[in-house]
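Everything below concerns the one structure shown next.
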């Protein structure tokens with residue numbers, strides 16, 4: 001879609017995953033840092049939704065955008081769901097949810113780029 | 001927030017509580033199941049909405065896979081006796097599904113013009129769909145044993 005935004009999301013998602021991975025390794029439950037990491041990812045995903053919608057409206061992107069739109073919207077659910085689910089666990093296993101969420105977002109962005117450029 | 005972890009340390013570790021399939025390491029398992037439930041549902045939704053007539057078998061299977069992932073996610077997250085049974089059933093069907101669809105998709109690639117979650121044993125998803133039900137069933141067994149032990153201990157007191 002836009003390489004800068006996609007790269008930024010992947011980097012921030014992986015950083016959030018790494019941060020929460022360290023929280024888990026330190027045997028801590030989820031704290032504000034983990035929530036902030038997921039929040040930063042979510043903010044960038046919201047920007048992506050806006051940019052993607054505008055570009056699609058101008059006729060850019062894949063010829064059959066249904067799958068791309070599915071990703072564009074579904075990916076927004078992951079960080080908040082991860083934060084809620086992780087907060088319910090007051091042990092080291094809470095932040096591992098953010099690790100999964102961050103990795104999933106990074107993989108989905110790679111897939112979205114393939115869909116956008118039509119290379120898959 | 002770190003202070004609330006003390007209640008955890010004072011009592012039993014998370015996941016040791018009866019029926020806590022969604023606690024402790026189960027929290028991570030449910031998260032992965034949740035991602036797959038979302039991915040499979042979105043994929044099946046798009047396939048059925050836009051091109052169901054192209055490959056009704058593959059897309060119906062996609063929808064069934066999505067349903068099973070949702071069931072497994074919710075059942076594992078809830079815990080308790082009924083949910084545990086539902087989770088065992090869902091994970092078993094999931095394992096059978098990934099093995100059958102995986103084998104079938106390799107033998108007759110024409111039947112799956114577009115890959116489903118389970119084709120090629122979930123190779124498109126890093127084979128996680130193959131490993132996930134095995135871990136799920138193992139986790140259900142493990143937490144069930146703990147539950148029996150906890151119940152036995154309570155009965156003796």
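Throughout, read-outs are computed from the coordinates displayed, never taken from laboratory work. This one's a predicted model, so the numbers in the text were calculated from it and none came from an experiment. Positions of Cβ are backbone-derived with ideal geometry, glycine not excepted, and every protein chain shown enters the neighbour counts.
What is the gain in length, in nm to one decimal, between residue A:49 and residue A:114 on full extension, counting 0.36 nm per residue of separation less the C-alpha to C-alpha distance? Show your work: numbers first, answer last.
Details: separation 65, 0.36 × 65 = 23.40 nm, distance 1.66 nm.
Extra length from residue A:49 to residue A:114 when fully extended: 21.7 nm.
Taking all pairs of different Cα atoms in segment A:3-117, averaging 1/r and flipping that mean, what Kirkwood radius in angstroms comes out? Before the final figure, lay out each step's value.
On the way: mean 1/r = 0.0699 Å⁻¹.
About 14.3 Å for segment A:3-117.
Just tell me how shielded A:79-91 is by partners: mean number of partner chain Cβ atoms within 10 Å of each residue's Cβ, no decimals.
On the way: counts 0, 0, 4, 3, 0, 0, 7, 3, 1, 5, 12, 11, 10.
Per residue, the average neighbour count from other chains is 4.
Using the alpha-carbon centroid of each, what span in Å lies between segment B:81-157 and segment A:1-67?
Using only Cα atoms to place each centre, the spacing works out to 29 Å.
Identify the residues of segment A:55-79 with backbone N under 19 Å of a label point that sits 7 angstrom from the Cα of residue B:53 along the Cα-to-Cβ direction, or state none.
Correct set: A:64-66.
Nearest 10 degrees is fine. How inclined is helix A:3-25 to the longest principal axis of chain A, computing both from alpha carbons?
Taking Cα atoms only, the helix is inclined about 20 degrees.
Report, in degrees rounded to the nearest 10, the 0 to 90 angle that the Cα long axis of helix A:78-87 makes with the longest principal axis of chain A.
Once rounded, the angle reads 10 degrees.
What's the Cα-based Rg to Rh of the protein assembly as shown, Rh via Kirkwood? If you can, show how the numbers build up before the last one.
Working: Rg = 20.0 Å, Rh = 19.8 Å.
Rg divided by Rh gives 1.01.
With label points built 7 Å along Cα→Cβ from the Cα atoms of residue B:78 and residue A:66, find their separation and express it in nm.
According to this spin-label approximation, the distance is 3.1 nm.
Want the number for residue B:85 to residue B:134: 0.36 nm per residue separation, take away the alpha-carbon distance, what's left? Intermediate values should be presented prior to the final figure.
Details: separation 49, 0.36 × 49 = 17.64 nm, distance 1.55 nm.
Taking residue B:85 through residue B:134 to full extension adds about 16.1 nm, to one decimal.
Hey, could you get me the Stokes-Einstein D for segment B:22-143, Kirkwood radius over alpha-carbon pairs, 20 °C and 1.002 mPa s, rounded to whole µm² s⁻¹? Could the numbers behind the result be given before it?
Values: Rh = 14.4 Å.
D = 149 µm²/s.
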